Structures are given as C-alpha cells and as structure tokens.
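The values are calculated or read from the model by the stated rules, or taken from the named source; none is laboratory data. What you see is a predicted model; the values in this text were computed from it and never measured. Counting neighbours? That spans all protein chains shown, and the Cβs are built from the backbone with ideal geometry, glycine included. Protein only, heavy atoms only, side chains kept; ligands, DNA and RNA dropped before computing areas. Shrake-Rupley method; radii C 1.70, N 1.55, O 1.52, S 1.80 Å.
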Amino acid sequence: VDEFGGLHAFSRWDRAMLTDSGGFQMVSLLHLADITEEGVSFQSPSNGQSMMLTPEHSMKIQNKLGADIMMALDDVVSSVNPSYERFEEATHRTTRWFDRCLQAHERPHDQNLFPIVQGGLDYGLRQLSLKQLMERDDRIPGYAIGGLAGGEDKESFWNVVHWCTQALPENKPRYVMGIGYPVDIVVCSALGADMYDCVYPTRTARFGTALVPDGVLRLHLASNENDQRPIDPDCTCMVCKRYKRSYLHRLVNRGDSLGAILLSYHNVHYMMNLMRSIRESIIDQRFPEFVRHFMQRHYPDGPPEWVVCALKAAEIEL
Amino acid sequence: RGIGSENELTMEKRAMARRKPQFKVVTEDTKTSARTGVLTTSRDVTADTPFGLVMTRKGLPNYLTLDNLYKISEAKGLHVCASHFFDRKGMYPKGGATLNELVGLQETSPMIVLCGLRDPLKYNINLYANTKKPSKSEGESLSVDSEAGVTYVSHEMYMNFVKHAQPDLCLSLSDEVFQNSGKKRISKAMQRTIDWLGKSVADFDAAAADTFEGERVADGAKQDSDALESVGLVASIVASSTIEENVNHAKSAATLASDNAVGYAIMGLGLRESDSFKYEALRAMNRELPKSHFRYASGSITTPLEILQAIECGIDIVDTSFVHELTSAGMAMVFDLDPDASTDSEADDINLNLWSDEYVHDQRILKAGCECYTCRQGFTRGYIHHLLQCRELLAQVLLEIHNTDHMMKYFKCIRSKISSGGFERYLCSFQERTNILI
C-alpha cells in the first residue's frame with residue numbers, strides 16, 4: 001500500500017479515511033490471541049506462524065497506510081470476560097500502550113491519532129481511563145469511546161457513552177466505535193457524540209434489508225412480491241426513484257449482485273441523510289423535535305425504556 | 001367503408017410502420033459479407049451495427065447500475081431473457097409495468113432492448129428433455145430452467161410476457177438441439193421453429209389489423225395490439241446439421257416473415273457443431289435472408305475472434321457473454337484494438353488474469369489509454385488483484401465496467417474498418433495475432 005502511495009491512492013478515495021489498530025479484529029477474528037504487556041501475540045491466518053502486534057507495530061502499519069485518523073492499539077477485553085481484574089488491567093494497559101503509540105507515531109502532522117477510552121461497563125474504571133487519557137489532552141486530536149457494541153445491555157451502553165461525553169473535552173470529536181443502528185446513533189448524538197462506524201448498513205443491505213424511517217424493510221419477505229411502492233416514498237436516492245419493492249424483492253431473493261448493490265446504495269444514502277438531518281436540526285435549534293419525530297416513526301407504540309432514560313439524560317423529553 | 005376511409009387506413013398503416021423498429025444497411029463490404037447499418041427503435045433510439053448486446057440478469061447487467069452503464073458511451077443495447085422473469089408464482093410482472101419501467105430504464109433510456117426466451121450465458125433450455133407433448137389447450141412448450149425450476153413455456157406464455165414487457169425487439173421461439181442429435185429430432189426442431197415463427201407472425205399481424213379497426217375491437221384485444229405496436233419481430237431460425245437443410249429452412253423463414261420481421265435470429269449454434277460448419281451455416285443462411293433485415297446470432301459467437309468471423313458472414317448483432325465470462329474469472333480484456341495503428345509495447349497482452357501474483361506490485365491501470373471509468377479513475381492492477389483476494393464485489397464491478405467498455409470499443413473499431421474498406425485486412429491480421437492453432 002505504501003508503494004502505491006498510501007490507502008487513498010490505492011483505493012482512489014480522496015475523502016476522509018480512518019484506520020483501526022487491528023486489535024479488535026485480532027481478538028474477535030483469530031484463535032489463540034494472547035495478550036501480554038508487550039502486545040498481542042496471535043497466529044498468522046495465512047501460515048499459522050506466531051506473530052506479535054505491538055503498539056509500535058500498529059503505528060508503523062497505520063503510518064504507512066496513511067489514513068487521516070488512526071487508532072491507538074488498546075487492550076481489548078473479550079466481551080465474554082466478566083472479570084473486574086481483567087478490565088482494570090486493560091484500563092491501565094490501554095493508557096501505557098497509548099503512550100507507546102504516541103512515541104512511535106511518525107506522522108503527527110499528517111495523521112490524527114485517537115486514543116480509546118476503555119473501562120468496560122464500570123463507572124470507576126471508565127473515569128480512570130478518562131482521567132488518564134485527558135492528562136495527555138494536548139497531544140490528542142480526538143477521543144474514541146471503545147468497549148461497546150459487544151452485546152452489552154442497552155442500559156449500560158447509554159450510561160457509558162454518557163459518562164464519557166460528560167467528561168471529555170468539548171472541543172474534540174468523540175468517536176463511538178462500532179455503533180451503527182440508526183436509533184443508537186440518534187441517542188448517542190443526543191448525548192454528545194460526533195463520529196460513528198459500523199458495518200451494519202451495508203451488511204444488512206447484502207442480506208436484503210433496507211433502512212427506512214420506520215425501521216427496516218426486509219425485501220426478501222413475500223409480502224413485497226406485489227408491492228408497487230419504492231423502498232421509501234420520501235427517499236430521493238436513485239434506487240427509490242427508479243425501483244419498486246416487487247422488483248427488488250426478486251433481485252435480493254436469489255442473491256443477484258445487483259440486489260445487494262442497489263440496497264447498499266439506498267442504505268448508505270439513508271445513513272448520510274440521517275446524519276445530515278441530525279446536523280441540520282442541531283444548527284436550526286430544533287434537535288429535540290427531530291429526535292421526537294424520529295422516535296415516533298421508529299416506535300409508533302412508544303420507545304423502549306433505555307431510549308427514554310438516555311434522552312432524558314440528554315435533556316430531551318419524549 | 002368508403003374511399004375516404006381507405007386513404008385514412010393507408011396513412012395509419014404508414015404511421016404504424018414508422019412506429020416499429022427499423023433497420024437500414026449503410027455500407028456493404030466489397031470483399032466479405034460484412035456490412036454496417038443503423039437500427040432505430042420506435043422511440044428513435046439508434047444503434048450503429050455491427051454491435052453487441054450487454055448481457056443481463058432479470059433485466060439489468062450483473063454488476064452495473066444503470067447510471068454506470070450509461071457512462072459506457074458505446075453501450076447501445078441490452079439482451080433480456082424472458083426466462084429470468086418466471087418464478088414460483090409464475091410470470092412477472094403481471095401487468096402495470098413494461099420492462100423499461102420495471103428495471104428502471106425510463107422513457108429517455110438510450111438502450112435498445114432485445115428480448116429472447118433463453119439465457120445465452122447459461123444455455124438454460126433443457127437440451128436433453130423433449131419439448132412437452134402438445135396438449136389441446138396449451139400447444140407445444142419449451143422446457144427452460146428458471147428460478148421456479150424446470151418451466152414449460154408455451155408460445156402464448158412467452159408472448160404474454162412480451163406484451164407486458166414491450167421490448168424494442170423480440171425473438172420468436174426456437175427449438176435448439178445438439179447438432180449430433182438424430183435426423184428426426186433435428187428436423188422436428190426446425191419444423192417447430194418455423195411453426196412458432198408462423199404464430200409470431202400471426203400475432204403481430206393481428207395486432208396490426210386490430211389497430212386499424214379502431215372502435216370495433218374489444219378492449220382486451222385493443223390493449224394487445226397497443227402492446228405490440230412498438231415491438232419489432234426478430235424471426236428465429238435454427239442451424240441444423242446439413243447445409244441444404246439450413247438453406248431450405250432459411251428460405252422458408254424468409255418467405256414467411258420478411259414482411260413482418262425487422263431482423264432474423266440464427267439460433268442453435270454452439271451445440272457441438274464444428275467451427276468450420278458453424279461459419280458455413282452462417283454464410284449459407286445469410287445468402288437466403290433478405291439483405292434489408294438485420295442478422296442476430298447467438299451461441300458460440302463469444303470470443304472477439306469468433307465475433308469478427310461471424311460479422312464477416314453477415315451478422316449484425318451479437319451477444320457479449322464473453323464480458324461476463326472474463327469478469328467472473330477476474331480477468332480484464334486488454335487486447336489491442338488496432339495493432340496497425342498503435343505503437344504500444346504492451347500490445348501483446350490479450351487478457352489479464354488479475355488473480356495472479358504478478359500483479360501485486362503492478363501500479364499500472366488495466367490498459368494504457370483506456371477511457372473507461374475504471375482506468376480513468378486510476379484503479380491499478382495491484383488494487384484490483386487485492387480486491388479479488390479479499391473477495392470484494394468491487395472487483396467485479398470495476399472489471400465489468402472496463403470489459404464492457406473495451407468490448408463496445410471493439411465494435412466501434414470493427415464498424416470503422418468496414419466503413420473504410422479495411423475489414424478483410426483487419427480480420428486477417430486479427431486471426432494471425434490471436435489464433436495460435438491456425
């Protein structure tokens with residue numbers, strides 16, 4: 001990639017790009033990842049050889065990839081690990097590894113290195129992580145909130161986000177990693193988060209599910225067979241302008257690539273439109289109204305408890 | 001009806017004729033049977049021939065959304081398979097939408113749509129199964145693979161689809177069999193094909209007549225006649241195992257259909273005949289068919305050389321299934337279109353196998369000077385290799401864009417060679433370069 005001039009040149013994408021450290025993928029996708037103070041040792045997926053991903057190594061790779069934002073290597077605790085001691089160790093180690101990342105980062109003027117706030121679902125550990133990282137604030141362009149999107153309960157989820165956004169500096173972006181359901185994004189935005197990433201919109205598109213204001217539309221269901229409406233009559237994307245549900249139903253059913261492509265197109269459009277709507281309503285000072293309207297469409301019978309509580313904490317009454 | 005209304009009828013007839021697709025020969029090569037022409041649809045969309053049709057799945061290209069397809073400026077037409085529109089609930093759409101509306105082609109689409117039953121890519125006619133024995137109500141049917149499994153499609157079912165879809169051109173049904181089938185089976189195939197052609201001619205005749213009758217016709221029939229108003233008939237004939245039979249078969253078809261049809265489809269090739277037989281058959285049939293009608297051929301006319309050789313025999317429109325074959329194999333078509341004119345040192349490459357490790361570090365675009373989106377944007381061989389290794393769909397999208405564009409440029413080059421009188425020379429030099437077995 002470096003030979004080709006970096007990731008932007010390689011993939012012909014001249015807009016913003018963010019790379020992850022590789023830590024999460026290793027722990028979630030590979031067998032026998034063993035975490036020590038030095039780094040994460042794992043078995044190479046191509047030849048089974050023992051390899052080590054250290055903070056220094058991750059920085060080197062991300063420096064060569066050349067994305068605009070890069071993530072520090074954090075001590076990722078597997079979500080099946082309930083031990084407080086392990087979470088505590090991970091919190092401290094994440095800070096130590098961030099220091100090593102700062103040291104190893106060779107392109108601080110081209111690339112923004114974000115640390116990741118850890119601490120599991122524990123208030124004390126989260127505050128500890130926040131405090132330690134913010135001691136380095138003068139070298140930090142933005143903060144990521146990690147350790148969520150691992151199947152934890154929604155109540156804990158919004159609380160952790162809330163603790164972090166309350167504590168983190170106002171003038172730096174807050175990036176909640178792995179969040180992508182529209183409801184989650186709206187709630188986290190209300191709580192003061194700014195950036196998200198998720199495979200959900202495009203992955204669910206490949207399985208025939210379209211994102212709509214009311215929630216989701218599963219196009220492979222037989223109920224769409226004779227439906228002459230577009231996915232969303234209010235959507236202005238190319239797919240909704242040209243295609244009816246009945247035709248898309250037939251494209252997605254047998255995994256024709258065009259079905260996946262068209263739905264991905266719509267879902268990406270939906271997400272971009274959602275984010276734009278959030279921004280515009282904030283700028284226009286009508287964000288609470290936007291949130292109420294959004295939740296009404298999504299939950300005609302009333303939103304779940306956690307949404308109500310989270311929005312209350314964000315000073316929005318439903 | 002008095003004399004006054006007869007004049008009206010003639011004028012209406014002329015107006016109707018203009019509403020149908022038209023074909024006109026422009027240049028005839030003096031040394032071969034190749035020619036250039038212009039095909040015009042009822043919506044005044046034109047395409048210069050010879051050209052190739054973009055293959056589709058359920059009406060759309062495999063990996064290209066229509067906005068991407070339109071950017072390939074030389075892409076002029078789509079091949080649509082009726083068999084893609086049968087599923088467990090039967091045929092769709094059941095009405096209310098033409099094919100153009102269904103697949104998003106819209107009124108202003110620059111694409112010509114040609115519709116046949118079978119899929120040239122998959123050969124989804126069940127060649128081993130006999131056609132279904134005729135029952136009184138249904139008539140003979142063709143056995144075709146569709147998403148509903150084995151489907152028996154009768155002439156009526158097929159024409160029902162055509163009436164709903166309203167493509168610019170529609171083939172009549174043909175019975176295709178292996179060329180080494182028994183004599184009896186082959187002659188049955190030819191007879192059925194002629195019978196189906198007769199039925200198609202009758203359908204189109206009836207539609208034309210109904211239109212003139214105006215208010216006298218019941219609503220249902222009027223709708224039918226409206227449906228076929230802008231559709232051009234392409235009369236199918238099947239190649240058989242002897243030249244004599246081919247000649248007679250073509251003659252019958254010419255007699256039967258030349259008034260109604262705008263072109264002829266030579267089907268049944270690519271079914272175990274020899275190469276030399278294939279071209280002999282094409283030439284023999286070409287001589288019997290009226291010059292003013294275009295020739296479409298399908299079946300083992302896929303590689304660039306085969307296409308060139310078919311055009312030499314007088315073929316005007318072909319399928320471009322080769323584009324799909326290369327794309328799905330992760331290959332890019334890069335052969336030099338005009339070696340005499342170029343000084344390109346990479347001119348020896350014909351296809352690139354992008355799965356190969358030789359491209360890991362290759363920072364070149366697929367083909368120097370290519371103006372397709374993939375090459376203009378600077379996507380490198382190394383990147384596409386990487387996409388293939390990662391099993392990313394984008395690899396196929398980028399390759400299909402490039403391969404389709406390259407194929408269409410090929411046709412443009414062929415047309416210019418015919419127009420300028422350099423076709424035979426081009427063909428010979430192409431044969432020398434690519435046919436290692438000659």
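Each principal axis of region B:386-429 carries a Cα extent, and these read 47, 17, 8 Å when sorted largest first. Note on the protein assembly as shown: antiparallel DSSP beta bridges, both residues inside, total approximately 50 percent of the bridges counted. Averaged over peptide B:374-382, the number of partner chain Cβ atoms lying within 10 Å of each residue's Cβ comes to 2. Other residues whose C-beta falls under 14 angstrom from the C-beta of residue B:183 contribute a net charge of +1, scoring Lys and Arg +1 and Asp and Glu -1. Remark: region B:388-394, residue by residue, has Karplus-estimated 3J(HN,Hα) of 4, 4, 8, 6, 8, 4, 4 Hz, where x stands for each Gly or Pro and the curve is 6.51 cos²θ - 1.76 cosθ + 1.60 at θ = phi - 60°. The mean count of C-beta atoms from other chains within 10 Å of the C-beta of residues in A:11-24, rounded to a whole number, is 1.
Each residue of region B:148-153 was assigned a 3J(HN,Hα) from its phi angle through the Karplus expression (A = 6.51, B = -1.76, C = 1.60, θ = phi - 60°), giving 8, x, 6, 10, 9, 10 Hz with x at Gly and Pro. Normalised by 2.2 N^0.38 Å, where N is the number of residues, the alpha-carbon radius of gyration of region B:232-378 equals 1.32.
Roughly what angle does helix A:257-283 make with the longest principal axis of chain A, taking Cα atoms, 0 to 90 degrees, to the nearest 10? Its long axis makes an angle of about 80 degrees. Taking θ as phi - 60° and the Karplus parameters 6.51, -1.76 and 1.60, the scalar couplings of region A:222-238 work out to 4, 4, 8, 3, 10, 7, 8, 8, x, 3, 9, x, 8, 7, 9, 6, 4 Hz in sequence order, x denoting glycine and proline. Scanning residues 5 or more positions from residue B:87 or on other chains, those with amide H under 5 Å from its amide H are B:92, with H placed 1.01 Å from N in the peptide plane. If you build a Gaussian network model of chain B, linking Cα atoms that sit under 10 Å apart, which residue out of B:300, B:172, B:236 swings the most? Its mean-square fluctuation being the largest, the pick is B:300. For residue B:367, the lysines whose Cα falls under 20 Å of its own Cα, not counting residues fewer than eight places away in the same chain, are B:71, B:409, B:412. Close amide H pairs (under 5 Å, H built 1.01 Å from N) link residue B:141 with B:132, residues at least 5 positions away or on another chain. Counting only protein heavy atoms and a probe of 1.4 Å, the accessible surface of chain B is 49% carbon and sulfur. Per residue, the protein assembly as shown reaches -13500 deg cm²/dmol at 222 nm when only DSSP H runs of four or more residues are counted, each adding -39500 (n - 2.57). Residues in the protein assembly as shown average 45 Å² of solvent-accessible surface per residue, probe 1.4 Å, ligands and nucleic acids excluded. Note on region A:85-182: Rg/Rh from C-alpha atoms, Kirkwood Rh, equals 0.96.
Can you spot the lysines whose alpha carbon is less than 22 Å from residue B:163's alpha carbon? Ignore those fewer than 8 places along the same chain. Partners within reach: A:244, B:13, B:20, B:58, B:89, B:94, B:199, B:222.
Of the DSSP beta bridges with both residues in chain B, give the percent that are antiparallel, rounding to the nearest 5.
50 percent
Would you kindly give the portion of the calculated P(r) for the protein assembly as shown that falls above 41 Å, as a percent of all Cα pairs? Percentage above 41 Å: 45. With both residues required to sit in chain A, DSSP beta bridges show an antiparallel share near 45%. Annotation: chain A has a Kirkwood hydrodynamic radius of 21.4 angstrom, from the mean reciprocal C-alpha pair distance.
Note: region B:307-438, Cα convex hull, 117 Å³ per residue. For q = 0.07, 0.11 Å⁻¹, what log10 I(q)/I(0) does chain B give under the Debye formula with an equal point scatterer on each alpha carbon and no solvent? Debye output, listed in q order: -0.35, -0.87. Along each principal axis, taking the top coordinate minus the bottom one, the Cα set of region A:247-292 gives 45, 16, 12 Å in descending order.
Ignore the peptide's own chain and count Cβ atoms of other chains within 10 Å of each Cβ in B:53-62; give me the average, rounded. Mind dumping the intermediate values first?
Values: counts 0, 0, 0, 1, 6, 7, 4, 9, 2, 4.
Mean inter-chain Cβ contacts per residue within 10 Å come to 3.
Per the Debye formula on identical point scatterers at the alpha carbon atoms of region A:22-121, with no solvent, log10 I(q)/I(0) at q = 0.12 Å⁻¹ is -0.39. Around the amide H of residue A:179, modelled in the peptide plane, lie the amide H atoms of A:197, all under 5 Å away and 5 or more residues distant in sequence or on another chain. Taken over the C-alpha atoms, region A:161-318 has Rg and Dmax values of 16.9, 53 angstrom.
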